[in-house]
1. Residue A:20 is checked against (1) in contact (Cβ under 8 Å) with a residue 60 or more places away in the chain; (2) within 30 Å of residue B:161 (Cβ to Cβ); (3) not in a helix (DSSP H, G or I) and fails just one. What number does that condition carry?
2. Hey, among the residues in the stretch B:218-260 that are charged (D, E, K, R) and in contact with a strand residue (DSSP E or B) (Cβ under 6 Å, 6 or more places away or on another chain), which one's farthest from residue A:175 (Cα to Cα)?
3. Just checking, how many residues over the stretch A:1-17 are within 14 Å of chain B (Cβ to nearest Cβ) and either in contact with a strand residue (DSSP E or B) (Cβ under 8 Å, 6 or more places away or on another chain) or in a loop (DSSP other than H, G, I, E, B) (or both)?
4. Which pairs do you get when a residue that is touching a residue at least 12 places away in the same chain (Cβ under 8 Å) and surrounded by fewer than 19 Cβ atoms within 10 Å (Cβ to Cβ), found in the stretch A:42-63, comes within reach of a residue that is of a type outside the set (Asp, Glu) and assigned to a helix (DSSP H, G or I), reach meaning Cβ atoms under 7 angstrom, with the pair 6+ apart or on two chains?
5. Restricting attention to the stretch A:5-19, which residues are more than 12 Å from residue A:275 (Cβ to Cβ), surrounded by 14 or more Cβ atoms within 10 Å (Cβ to Cβ) and out of contact with any Cys (no Cβ under 6 Å at 6 or more places or on another chain)?
6. Scan the stretch A:99-117 residue by residue and report those that are loosely packed, with under 15 Cβ neighbours inside 10 Å and either among the hydrophobic types (A, V, I, L, M, F, W, C) or over 22 Å from residue A:148 (Cβ atoms) (or both).
7. Any idea which of B:264, B:202 is over 22 Å from residue A:169 (Cα atoms) and not β-branched (Val, Ile, Thr)?
8. Look through the stretch B:51-82, keep the residues that are at pLDDT 60 or above and in a loop (DSSP other than H, G, I, E, B), and return whichever of them is surrounded by the most Cβ atoms within 10 Å (Cβ to Cβ).
Amino acid sequence: MTPQSLLQLTSQKCTTGCPILDRLLYGGIPCDSITEIVAESGSGKTQICLQLSLHAQLPVSHGGLAASSLYLHTEFPFPFRRLHQLCLSFRSSNAHHFPVNDNPCDRIFVQSVHTADHLLEIMSKTDPFIENSKNQVPVRLIVIDSIAALFRSDFDNTPVELKRRSSLFFKISSKLKALAKRFNLAVLVTNQVVDLVGPNEGINGLRIGNLVCLHTSGRRVCPALGLAWANCVNSRLFLSRNEEVIREENEKSNGQSCDFVKKKMRKLYVVFAPHLPESSCEFEITREGLFGVER
Amino acid sequence: MEIWRLPISASQRGKLISAGYTSLSSLSSISSSDLARELKVSESEAMNILKVASHSRGSETSNASCSIVEGAQSAWDMLHDEESLMHITTSSADLDNILGGGIHCKEVTEIGGVPGIGKTQLGIQVAVNVQIPNDFGGLGGKAIYIDTEGSFMVERAFQIAEACIEDMSEYNRFLRKDFQECKIKMLPQDILENIFYFRICSYTEQIALINYLDKFLSEHKDVKVIVVDSVTFHFRQDFDDMALRTRVLSGMALKLMNLAKRFSLAVVLLNQVTTKHTEASFQLALALVTVLDLCSVTMLSR
């Protein structure tokens, strides 16, 4: 057993496709680590996952991993049409990296997952799969969208079942981390949120485990799957969306007037990460994808 | 004082060594009848050996404080030893105060907290601070960092190392009072080189590594801190045999304590928290705490 030389250990990152988001994340999603994206439905988790699967195919000199990705989805249906749309705009803005008849969608391997045990089964088959992919375009990104869906209905609320659920978390996380280390993969996992009702003490205080409180759509929320799963991930990002009323100045023929317009404000927060300070940035979702907004 | 220096016959010496008595202190608390039985010699021979041994011991340690049982230390000596031991600063004065000066050597310190509270950051900080040279009040030693979760980021360690060097040069400037830019010869790269980093992916690797540390530490005597981040992650899965898990964990904790005492280094264990169901309420508690029965324990909270 020899220690690894820290000077030779560099953590590679996969770009998100937007320089503003990359700056927030100090380069992108890191390899050899599990990054979790927490958000309520409709906040953009799947958008980021699809975008990352495409941008992982960029060469390393442009921030990508020159790799294909494995996309495990638990919620049906898989957004094929949106992926195709993103793929078209990705191709047009990065045409010089890919040959003419190439389809980046060919390098995204999609697999549906039904239960937690099914996930464990798939992961044991993933080892040889990734090993074989080294001959063509190696797999360097695994996306699980979403991990919460696997656990939220199968388990009763008894201590025995919860304990079983917890040990499954650690088993899955341990396998994912071993895969990530062996093949230097980036792992992206998405999670849902649950509401926090009432004051910050008692069960609520326990759920968030004296962590910072998260807000979205005007509600106080905390990530699903509890403290046990929170111990299994390396970094956590939170996407929030709020409707804000903004005063917009409109030039009209009879002088200036103001309109009150409802705008969707979307923000990406770094909740915790070993290499990032607590920070946030605003973003928007367009047809071309998810991009940070500099104000 | 070794057995081979004793004025006894060669065959007696050979019997002592093959029975496992290699030092004088091991002969201090055995009776002559037990020794005779173990060595398969007559009781008078055994009594002779013990007399010779205590005579040699007595002449050598005539100026040491007398002790009832050989190998014991008076409480006064222990207090003196403890006070003269160096501490590793955590770079936070308040935290140092709570810990009684810093992370203590010869002790195992367990630090627990929720995810994201700063356990890994503290671990990296300690691994950097142990390298502060003696001139600046540090131990000038190296560090072993055992990463079980993959949360060690080199770029962050580099940032912390840079800040530590900056702190040292400011302190230097302060001391010298002549406002000259005093160059510290250490570079962040040197600090990173002095951290022995091990990444482990399963509980078997963890146990194997802790067993191997004995050999590693005897080859690298300048290691002054072992940081394990985090110690219980791989044990929280379902084990087929829970009794095995308990045995393995307590064995590991004991080994770490022995390493700390033998090599005079500090062991820092970072632990996760879990929820504890008591009669009517829930509490946050350190994971697997009943198994890892250790010395000083600190909980971090926001």
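1. It is condition (3) that residue A:20 fails.
2. Step one: filter the stretch B:218-260 for residues charged (D, E, K, R), giving B:219, B:221-222, B:224, B:229, B:236, B:238, B:240-241, B:245, B:247, B:255.
Still in the running and in contact with a strand residue (DSSP E or B) (Cβ under 6 Å, 6 or more places away or on another chain): B:222, B:229.
Details: B:222: 35, B:229: 18 Å.
Looking at residues that are charged (D, E, K, R) and in contact with a strand residue (DSSP E or B) (Cβ under 6 Å, 6 or more places away or on another chain), I get B:222.
3. Restricting attention to the stretch A:1-17, the residues satisfying the condition of being within 14 Å of chain B (Cβ to nearest Cβ) are A:1-13.
Applying the additional criterion that residues be either in contact with a strand residue (DSSP E or B) (Cβ under 8 Å, 6 or more places away or on another chain) or in a loop (DSSP other than H, G, I, E, B) (or both) yields A:1-6, A:9-13.
Qualifying residue count for the region: 11.
4. A:59/A:97
5. Correct list: A:6, A:9, A:14, A:15, A:16, A:17, A:18.
6. Within the stretch A:99-117, the first condition is being loosely packed, with under 15 Cβ neighbours inside 10 Å, and the residues that meet it are A:99-103, A:106, A:112, A:114-115, A:117.
Within the stretch A:99-117, A:99, A:100, A:101, A:102, A:103, A:106 qualify.
7. B:264
8. Keep residues of the stretch B:51-82 that are at pLDDT 60 or above, which gives B:51-58, B:70-82.
So of that shortlist, the ones also in a loop (DSSP other than H, G, I, E, B) come out as B:70-74.
Details: B:70: 15, B:71: 10, B:72: 11, B:73: 12, B:74: 11.
Top of the filtered list is B:70.
The values are calculated or read from the model by the stated rules, or taken from the named source; none is laboratory data. Quick caveat: nothing in here was measured; it's all calculated off a predicted structure. FYI the Cβ positions are ideal-geometry reconstructions off the backbone, even for glycines, and counts take in every protein chain you see.
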